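Here's the structure we're looking at; comments come further down.
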Amino acid sequence: MDKPVNESLIPEERIASRILLIRGEKIMLDFHLAELYGIPTRVLKQAVKRNKERFPEDFLFGLTEVEINHLVSQNVIPSKSHFGGAVPYAFSESGVAMLSSVLKSAQAVKINIAIMRTFVLLRKVLYKNQNLLCWQSEIEQRISKQDEKILSIFEYQRRFEKEKQKELLPDNRRRIGYKTTP
């Protein structure tokens, strides 16, 4: 019998911290999912292996040695020995959604809903950030145009100062006083 899950026990931040970017795609690793579902990783992997037809390559893929080393260097994984020689699975958002049809406990359903909501939330945040980046880019373009105008004003001021300095030279000054005719 499954224990009831209080959704507040799995905050979005905890789920979001488990979502990684690998191969240009947001994924979750099998051991992180197993932890969230409250089951051993081997049980999750067995359920996936029994239902291979439900997990095409864009839903689930094994990590390469380079990707594993990168995750170890980023402290996402404590060490390679953490897996006991097994290659970790990476689940895409679609793969995580498919897990709900494989893991049918009440806890798994609630966790899956929370994970899907987090993926949607991250997509919204990314969309808002893209809008902010576009706005920032527009402002930077405006500022660079203003910079050009300000520089041209300074250049004009420098030229004006040079002209004034030339007028102050003795040869360029207008003589004052009595003029004598030769």
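Read the figures in this text as sums done on the coordinates, not as results from a lab. As the structure is a prediction and not an experimental result, all values here were calculated from the model. Here the Cβ is made from the backbone with ideal geometry for all residues, glycine too, and neighbour counts use every protein chain on show.
Listed values, structure above:
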read-out	value
Estimated FRET transfer efficiency (Gln46, Gln136; beta-carbon r; R0 30 Å; 0.05)	0.05
Pairwise label distance in nanometres, Gln74 with Leu126, each label 7 Å out on the Cα-Cβ vector	1.3 nm
FRET efficiency, 1/(1 + (r/R0)^6) with R0 22 Å, evaluated for Leu21 and Ser101 via beta carbons	0.30
Equivalent ellipsoid semi-axes, the chain, via Cα gyration tensor eigenvalues times 5, rooted, Å	71, 18, 13
Cβ-placed point charges (K, R +1; D, E -1), dipole of the chain about Cα centre in debye, nearest 20	680 debye
Rounded to 10°, Cα long-axis angle of helix 41-50 versus longest principal axis of the chain	80 degrees
Average Cα contact separation per residue, the stretch 37-163, under 8 Å, 6 or more apart, as relative contact order %	23 percent
Tilt relative to the chain, helix 106-168 - C-alpha long axis, 0 to 90 degrees, to 10	10 degrees
Three-way shape label, the stretch 106-182, alpha-carbon gyration tensor, a/c 1.5	prolate
